[in-house]
1. Go through Gly540, Gly468 for me and flag whichever is at pLDDT below 80 and within 29 Å of Ser374 (Cα to Cα).
2. Here are the criteria: (1) assigned to a loop (DSSP other than H, G, I, E, B); (2) of a type in the set (Gly, Ala, Ser); (3) at pLDDT 90 or above. Tell me which single one Ala224 does not satisfy.
3. What strands (runs of 3 or more DSSP E), lying completely within the stretch 405-463, carry at least 1 residues that are modelled with pLDDT under 85 and either in contact with a Leu (Cβ under 9 Å, 6 or more places away or on another chain) or open to solvent by less than 20 Å² (accessible area, probe 1.4 Å) (or both)?
4. Of the residues that sit in the stretch 102-132 and are modelled with pLDDT under 85 and crowded, with 21+ Cβ neighbours inside 10 Å, which one is farthest from Arg143 (Cα to Cα)?
5. Which strands (runs of 3 or more DSSP E) sit wholly inside the stretch 578-652 and have at least 3 residues that are farther than 27 Å from Ala538 by Cα, modelled with pLDDT of 65 or more and open to solvent by 60 Å² or more (accessible area, probe 1.4 Å)?
6. Report whether or not Leu533 is under 15 Å from the mean Cα position of the chain (by Cα) and modelled with pLDDT of 75 or more.
7. Just give me the residues in the stretch 334-356 being polar (S, T, N, Q) and in contact (Cβ under 8 Å) with a residue 60 or more places away in the chain, in sequence order.
8. Just name the residue that is most open to solvent (accessible area, probe 1.4 Å) out of those in the stretch 41-74 that are touching a Leu at 6+ places or on another chain (Cβ under 6 Å) and within 20 Å of Asp87 (Cβ to Cβ).
Amino acid sequence: MDRVTTIVKTKQLYTYLFILIVLPLLTAANVQLAQGQTADGWTATFWNNTDLVGGPVLQHFEHDVNHSPELNREWDQRPPWPTVNQDQFSARYERDLFMQPGRYRFVAKADDGVRVWVNGELIIDEWIDQVTTGYIGHADIKRAGNVNIRVEYYDDRHHAQLNLTWRNIQGTDAVLTGRIYEPTISDWRGEYFNNRAVAGVPNLVRNDASINFDWNLSSPAIEAIQQDSFSVRWTRSLNLPAGRYTFTTQTDDGVRLYANGQLLIDQWQNLDNRQHTAELNHGGGWVNIKMEYFDDIGAARAKLDWEKTGDYTPQPVVAAVTGAPTWHAEYFNNTGLTGSPVLVRQDPAVNFDWGFNSPHPARLTREAFSARWSGMMELPAGKYRFTTTSDDGVRLWVNNQQIINKWRNSSEFSYSAEVDLPGGRVPVKMEYFNAEKEAVAKLSLERLDGPLPSQPLVATVENVGAGGRGRSVEVLGAIHTIEGALTEQAKATIVSGPINVRAKPSMLSEKIGRLRLNSALTVYGRNSYGNWLLVDLADGRTGWISRIYTDLVGDVSDLPDVAQPYAAAPTVQKGGSVSVVRQSEHAVLHDAPNLLANRLGQMPLNSPAEVLGRNKFGTWLKVELADGDQGWVSILYVTTEFAIKSLPILDADAELTGEGS
């Protein structure tokens, strides 16, 4: 045996001895280390069979990559480790992870078999040969603490892959139901969002003992909330003795603070760990506090403190808005002040607590009604505070400026706004709706820098400003004329685009248009979660866009919720006019207004057709060809010389259901 051969055999022997003796000792040390470090990695055990039986060939601790606790292993056709087979192997990954209460969706992707346990409960069981396939399981975490996660996997042959991800979905898939997992709240209710706009369904809801957080570069909750670009809303009722209180926020970045609906601090901008203070003159009792916060990038901090700094200062005596002449009052049998009023009368004051009764049982429904009061006041120059009390929505204009806009369902609540007036006659208009149950509508006025005239109301005004433009808007699959609700509320700009415009406030809804980057928007309202906005399109239609792509500022909850059905537009009869459509070579006729419907044929190029109507979104036309054939064609492939919204709406069975305005 020559010297070279001897050296080679000696190296092979040493390698064998290392694998047989030294590696198990190192593995044992690694396992002991893993038991004390389960927060930043997985304990991994491998077998050279597909059934996890017998003695393992490797057990060690695999640290998290980029601080992510998720499991992402794509071995392809390579062995996971030198001592593990390329094919016909199995593995077990296990760890404890601190998690907040809630429902979590776990997604496992594997080639081949996979099983997942959470706190000992088997939530995914797909122990079969398969190509890469994804599976979903759910686990309910009842209380904050360490959660045990165990994953078992085997590879038969060829490609080997194992992935496990999870996210908090608040009780069920929010995209489908919008339900939120509700923990027990004894202190601050903290709603955490993976966006900077405090918009949509929160990704995490939890009880926070105090608002005193210095997350620095970390996430508030790594299992549910991203490290940057998140926001939080904290709410709580405090029972405070009478006095003057100073509230102090310290944040990095933006913050808004409200007390009983009054905005005390408004610093919704990138901040570098700044403090802001505001005073509250409180007469004693419960105060509803709301603090909203967002983090952009970098360090994240949010703190709130308050202290009593003085005695309560009694406010000036509030005079009810009463007197002769009276308010011009218009009442409507819908919640949107649409159509003609069913009752017009003169009210001596806006000071109503109807309870569960109708303002006029002979003409008005007990629920789902609205009203508008208009009048003229003679007021000296000075500073005034107007206060509305309502159950449900209310809007107030003073001197042709909107100063209160709370057009939404709510229990009885008061809102105040201060305004400087130049002196003289001032038009005042208040709009109100009741959705259901109790009805309350009140208006009061006080002067802050002098005496209030004994008779501020001096003249009736039948039309004090339009307050909005009458429009027909498609909401929840039907055309609704919501003249009062479709008032221009704000301006905004698209800051990330282009984006799709949807027929409904949902990513699953039909796309009806697109908006480019930097497009200027007129905003008319929001959906109930505040994560979609109703805006104008260039052709005069309205549609829904996701709020996160805009620079809209302010409290989105102040916008009216226009995703609720108001008064449906009246049914109309089909007209006899003929409109000409000219199409491209791609104009295919379908038996229903969608691309998945059955094809009936193709329209001849440049041939005229009679337009019978449109679908409710204005994206499909029902036409009749010269030979009498009828079908649906997309407006993308035709040219028209008429306003599509002027056509009657037809469903798939060609039954007339209404028309645009």
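1. Gly468
2. The one condition Ala224 does not meet is (3).
3. Fully inside the stretch 405-463 and qualifying: 424-434, 457-460.
4. Tyr104
5. Strands (runs of 3 or more DSSP E) meeting the threshold: 599-602.
6. yes
7. Asn334, Thr335, Thr338, Gln346, Asn351
8. Ranking the qualifying residues of the stretch 41-74, first place goes to Arg73.
The values are calculated or read from the model by the stated rules, or taken from the named source; none is laboratory data. All of these numbers come straight from a predicted model, not from anything done at the bench. Methodologically, a virtual Cβ is constructed for each residue, glycine included, from the backbone with ideal geometry; neighbour enumeration extends over all protein chains shown. The protein model used for the area step is the full one, side chains on, heavy atoms only, and it has no ligands, DNA or RNA in it. Shrake-Rupley method; radii C 1.70, N 1.55, O 1.52, S 1.80 Å.
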